[in-house]
Amino acid sequence: MSMVIWLTGLSGSGKSTIANALNKHFNFTVLDGDELRRGLCSDLGYTEEDRIENIRRTREVCKILQSVDVNIVTAFITPFESDRELAKIILKDCYIVWIKSSLEECENRDPKGLYEKARRGEIKNFTGIDSEFEEPHCVDLVIDTEKNNIQECIIEITKFLKGKMI
C-alpha cells in the first residue's frame, strides 16, 4: 500500500527542497507544483478557481499513482484548507505536512524573485501577498524551516514516518 506526503506552505518555505530530500531518502515520486504548472496544469492561472483545479488535478494524479502502489511526496502551496482536507479524504494514507515559515522569512529567501515581482504588481494573486494562505489545521505534522535546517527537517519527517508503510 502506498502513501502520499502532501507538503503545503508558502512559496520559499522549503517544500521542493524537502520533497527532493525525501525522494533521496525514501525513493518517493515527487510531484512539484512548479513542474506540474509547466505541463499538466499549464492552462491554469492563479485565480482561486484555477488554484482549486490545479490541486484537483494533482489529487487525481496521486490516485492513479497510488493505484499502482507508488509512494508520493507533493510540494504544492495548497493555499485553501478545503483542498488539503479533500486530499486527506480522497487519497489513501495521505499525510499533510505544513512546511511552516513566516511570510517575512519566505520573502527574505525568495529563491525565484517572485515576492519582489508580486510586491511590484507584476504577479497578481500571489499567495501571501494579494491571495490568502489559509493556516492549515488538518495537518499531521508541522515542520518549521525557520528553526530547523534541512537535515533536521528530514529527521523530523523520518521519525513521523517510522512505523508507517513506506
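Candidates Glu134, Glu116: the one that is at pLDDT below 95 and over 17 Å from Leu22 (Cβ atoms) is Glu116.
Of the strands (runs of 3 or more DSSP E) lying entirely inside segment 21-126, the ones with 2 or more residues being touching a residue at least 60 places away in the same chain (Cβ under 8 Å) and within 21 Å of Asp144 (Cα to Cα) are found at 72-75, 94-100.
Scanning segment 141-158 for residues being of a type in the set (D, E, K, R) and either surrounded by 15 or more Cβ atoms within 10 Å (Cβ to Cβ) or at positive phi (or both) gives a total of 2. Can you name every residue in segment 50-88 that is among the aliphatic types (A, V, I, L, M) and surrounded by fewer than 21 Cβ atoms within 10 Å (Cβ to Cβ)? Answer for segment 50-88, where residues must be among the aliphatic types (A, V, I, L, M) and surrounded by fewer than 21 Cβ atoms within 10 Å (Cβ to Cβ): Ile52, Val61, Ile64, Leu65, Val68, Val70, Leu86.
Selection of segment 96-129 for residues being within 20 Å of Arg51 (Cα to Cα), small (Gly, Ala, Ser) and buried (at least 20 other Cβ atoms within 10 Å of the Cβ) yields Ala118, Gly128. For segment 26-49, the tally of residues that are surrounded by 14 or more Cβ atoms within 10 Å (Cβ to Cβ) and either more than 16 Å from the chain's Cα centre (by Cα) or closer than 26 Å to Phe160 by Cβ (or both) stands at 10. The one condition from (1) in contact with an Asp or Glu (Cβ under 8 Å, 6 or more places away or on another chain); (2) at pLDDT below 95 that Glu81 does not meet is (2).
The values are calculated or read from the model by the stated rules, or taken from the named source; none is laboratory data. Note that the structure is predicted; figures quoted are calculated from it, not measured. Glycine gets a Cβ as well: all are built from the backbone with ideal geometry, and neighbour counts include every protein chain shown.
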